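Below is one structure; the comments refer to it alone.
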Amino acid sequence: MRKHKTDKVIALLVIILMLISLVIVYAIGGRVAVANNVAKGKHFSELYFFMHHAVIIGASIVAMIVGYKVPYKFLAKFAKKLFWTSVVLCLMVTILGRLNAPIVTCDLGACRAFWVPIVSVGFAPVELLKISAALYGAYLIKTRKEKGQLDAKEFWVPYATIFACTAIFLGGFQKDLGSTVVISMMLASMALVG
């Protein structure tokens with residue numbers, strides 16, 4: 001694995017953004033905690049949201065380091081399976097949400113996350129879909145480019161399928177336009193650069 005200067009720049013920018021978000025959460029977290037305590041009868045401390053965000057940032061940095069160390073060839077083996085697994089999980093969230101299952105969180109008609117009741121940790125399949133769409137898209141671009149098929153239907157049909165699944169399952173069923181736009185723009189940028 002070779003190191004690039006841009007890897008360090010991107011990592012530094014991500015850490016700076018994380019620190020800025022931590023300062024923002026520190027600034028408003030106390031007010032949000034008090035508002036939740038008064039309006040909803042919760043019992044959050046004034047530092048609850050700050051500490052929660054700090055733990056998430058710590059876990060994110062660890063995940064970023066682990067992801068950096070995993071070779072792309074290893075990830076490429078699972079890209080297609082991971083993508084289709086995440087599509088099925090997004091479909092399950094939609095179905096379970098329509099059935100009012102207690103393990104799915106729904107807000108304003110949009111169902112987004114599984115909740116594991118043992119540890120009160122949420123898992124949003126859309127986040128897995130973002131990662132797997134990027135991996136599968138990169139895998140398609142790399143393999144088709146090596147075969148000289150980047151302009152052929154062997155590339156565009158599966159690539160368009162990624163777009164369609166994203167639009168249908170996120171934009172249509174889960175009403176998550178933000179994630180739909182993020183994934184679509186990411187895949188369009190990859191295709192343009194690829």
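The values are calculated or read from the model by the stated rules, or taken from the named source; none is laboratory data. Predicted, not measured: the structure shown is a model, and the values here were computed from it. Positions of Cβ are generated from backbone atoms using ideal geometry, with glycine treated the same way; all protein chains shown enter the neighbour counts. To get the accessible areas, we keep the full protein, side chains included, count just its heavy atoms, and leave off ligands, DNA and RNA. Shrake-Rupley method; radii C 1.70, N 1.55, O 1.52, S 1.80 Å.
Restricting segment 164-194 to residues that are open to solvent by 60 Å² or more (accessible area, probe 1.4 Å) and under 21 Å from Val93 (Cα atoms), which is nearest to the chain's Cα centre (by Cα)? Within segment 164-194, the match that is nearest to the chain's Cα centre (by Cα) is Val182. Within segment 56-70, restricting attention to residues that are closer than 22 Å to Tyr26 by Cα and among the aliphatic types (A, V, I, L, M), the residue that is least open to solvent (accessible area, probe 1.4 Å) is Ile57.
For first residues located in segment 89-107 and within 12 Å of Phe173 (Cα to Cα), partners that are among the aromatic types (Phe, Trp, Tyr) and not in a strand (DSSP E or B) and lie 6+ apart or on another chain with Cβ distances below 6 Å form the pairs Cys90/Phe169; Thr94/Phe173.
Here His53 passes the criteria (1) open to solvent by 60 Å² or more (accessible area, probe 1.4 Å); (2) at pLDDT 85 or above except the one numbered (1). If I filter segment 25-48 for residues that are under 30 Å from Gly137 (Cβ atoms) and over 17 Å from the mean Cα position of the chain (by Cα), do I get at least one hit? No, every residue in segment 25-48 fails to be under 30 Å from Gly137 (Cβ atoms) and over 17 Å from the mean Cα position of the chain (by Cα).
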